[in-house]
Amino acid sequence: QVQLVESGGNSVQAGGSLRLSCAASGYTYNRNCMAWFRQAPGKEREGVATIDTDGSPSYANSVKGRFAISKDNAKNTLYLQMNSLKREDTAMYYCFIDGCESGSLAFWGQGTQVTVS
């Protein structure tokens with residue numbers, strides 16, 4: 001079974017930084033795309049950042065210049081470095097993986113809470 005386990009969420013003051021991690025296991029994609037999503041209470045889940053097998057990142061406009069997505073293939077781990085955090089960044093953050101093509105299976109982590117005050 002595929003497992004994505006997020007960690008690193010915490011409570012932090014506005015302007016502070018956090019680094020989220022997502023440890024991935026059990027998947028067999030030879031090509032994969034991974035991403036971070038987030039969802040605040042009463043709000044829709046939204047995409048935050050995406051990285052493909054070539055290491056090419058993309059970001060939501062709301063986090064450009066503040067967040068950086070990266071991965072360590074040797075550790076099978078995805079990261080999200082979050083700087084200059086704002087209260088609007090408060091949400092449950094979820095790790096995501098699929099096979100980079102329409103119709104591929106997609107999997108989600110359980111989430112890690114980020115609270116900015």
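Just a few scattered comments:
- With every protein chain in place, the chain: carbon and sulfur % of accessible area (1.4 Å): 44
- Measuring nothing but how far apart in sequence close Cα pairs (under 8 Å, 6+ apart) lie, relative to its length, the chain scores a relative contact order of 36 percent.
- Once the 1.4 Å probe is applied to the protein heavy atoms, region 8-117 comes out at 54 Å² accessible per residue.
- Candidate residues Arg31, Arg45, Arg66: accessible-area rank, largest first, probe 1.4 Å: Arg31, Arg45, Arg66
- Gyration tensor (alpha-carbon) shape descriptor, region 1-69, a/c threshold 1.5: prolate
- Of the GluC sites (Glu not before Pro) found in region 1-100, those in coil by DSSP whose Cβ has at most 11 other Cβ atoms within 10 Å are Glu44.
- Each residue of region 60-72 was assigned a 3J(HN,Hα) from its phi angle through the Karplus curve 6.51 cos²θ - 1.76 cosθ + 1.60 (θ = phi - 60°); the sequence is 5, 4, 5, 10, 4, x, 10, 10, 9, 9, 8, 9, 10 Hz, with glycine and proline shown as x.
- Comparing Ser25, Ser84, Gln3 along the charge dipole axis of the chain, the residue lying farthest to the positive side is Ser84, per the Cβ-charge model.
- Charge dipole (Cα centre; +1 on Lys/Arg Cβ, -1 on Asp/Glu Cβ; no other charges) of region 1-73 amounts to roughly 180 debye.
- Normalising the average separation of contacting C-alpha pairs (under 8 angstrom, six or more residues apart) by the number of residues puts the relative contact order of region 47-107 at 20 percent.
- Förster-model FRET efficiency, 35 Å R0, Asn10 and Leu105, C-beta, rounded to 0.05: 0.70
The values are calculated or read from the model by the stated rules, or taken from the named source; none is laboratory data. All of these numbers come straight from a predicted model, not from anything done at the bench. Counting neighbours? That spans all protein chains shown, and the Cβs are built from the backbone with ideal geometry, glycine included. Accessible surface areas use protein heavy atoms only, side chains included; no ligands, DNA or RNA. Shrake-Rupley method; radii C 1.70, N 1.55, O 1.52, S 1.80 Å.
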